[in-house]
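J.: After the C-alpha cells below, expect a handful of questions from me.
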Amino acid sequence: MRRFKLKFGWVLTEDGYLINLTRGDEIYKLNSVGKEILSLISENKSETEICKAMSRKYNVSLDVVMDDFKSFITKLVDLGAVEVVENEK
C-alpha cells in the first residue's frame, strides 16, 4: 500500500476547498468524505490505514472503501494535486 501527500502549492482549507495556490484558478469543493481522506493523508496515514478508518466509521466493507479510495486518489493524482511519496512493504 501507498502513502500520499499534497503536492507543493496545493492546500486543503478547513471548509473543504482544495486550492492550487500556484495557479489560483484551480479550486475544488470536496464533500465531507473527500475532506476527511485528505486530512488523513496530511497526517501521513497509509492507504490501508485510511481505508480501514473509513470502513469502520461509515460501516462499509473494506473492499468497497478501497475501490472508492482508488478512484478518488486517481482523480487527485491526475489533477496534479497529490503524489505518491512512499510504497509500503
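J.: Considering only the stretch 9-58, how many residues are part of a strand (DSSP E or B), in contact with a Phe, Trp or Tyr (Cβ under 8 Å, 6 or more places away or on another chain) and acidic (Asp, Glu)?
T.: So the count comes out to 0.
J.: Then there's this: With the condition kept exactly as written, say whether any residue in the stretch 12-33 is surrounded by 14 or more Cβ atoms within 10 Å (Cβ to Cβ) and out of contact with any strand residue (DSSP E or B) (no Cβ under 7 Å at 6 or more places or on another chain).
T.: Yes, some residue in the stretch 12-33 is surrounded by 14 or more Cβ atoms within 10 Å (Cβ to Cβ) and out of contact with any strand residue (DSSP E or B) (no Cβ under 7 Å at 6 or more places or on another chain).
J.: Mind listing whichever residues of the stretch 25-54 are among the basic types (Lys, Arg) and without any contact (Cβ under 8 Å) to a residue 40 or more places away in the chain?
T.: Matches in the stretch 25-54: Lys29, Lys35, Lys52.
J.: Whether any residue in the stretch 45-59 is among the hydroxyl-bearing types (Ser, Thr, Tyr), out of contact with any helix residue (DSSP H, G or I) (no Cβ under 8 Å at 6 or more places or on another chain) and surrounded by 12 or more Cβ atoms within 10 Å (Cβ to Cβ) is what I want to check. Steps first, answer last, please.
T.: Taking the stretch 45-59 and keeping what is among the hydroxyl-bearing types (Ser, Thr, Tyr), we get 46, 48, 55, 58.
Checking the rest, the ones that are also out of contact with any helix residue (DSSP H, G or I) (no Cβ under 8 Å at 6 or more places or on another chain) come to 46, 48.
Filter once more, keeping what is surrounded by 12 or more Cβ atoms within 10 Å (Cβ to Cβ): 46, 48.
Checked against the condition, which is being among the hydroxyl-bearing types (Ser, Thr, Tyr), out of contact with any helix residue (DSSP H, G or I) (no Cβ under 8 Å at 6 or more places or on another chain) and surrounded by 12 or more Cβ atoms within 10 Å (Cβ to Cβ), the stretch 45-59 yields at least one hit.
J.: Please go through (1) hydroxyl-bearing (Ser, Thr, Tyr); (2) within 21 Å of Glu83 (Cβ to Cβ); (3) under 13 Å from the mean Cα position of the chain (by Cα) for Ser32 and return the number of the only condition it doesn't satisfy.
T.: (2)
J.: Restricted to the stretch 66-89, and to residues that are of a type in the set (Asp, Glu) and exposed (fewer than 12 other Cβ atoms within 10 Å of the Cβ), which residue is modelled with the highest pLDDT?
T.: Top of the filtered list is Asp78.
J.: Another question, then. From the residues in the stretch 59-89 that are among the β-branched types (Val, Ile, Thr) and part of a helix (DSSP H, G or I), which one is farthest from the chain's Cα centre (by Cα)?
T.: Once the filter is applied, the top-ranked residue is Val64.
The values are calculated or read from the model by the stated rules, or taken from the named source; none is laboratory data. Computed from a predicted structure; not experimentally measured. Don't worry about glycine lacking a Cβ; one is built from the backbone with ideal geometry, like all the others, and counts go over all protein chains shown.
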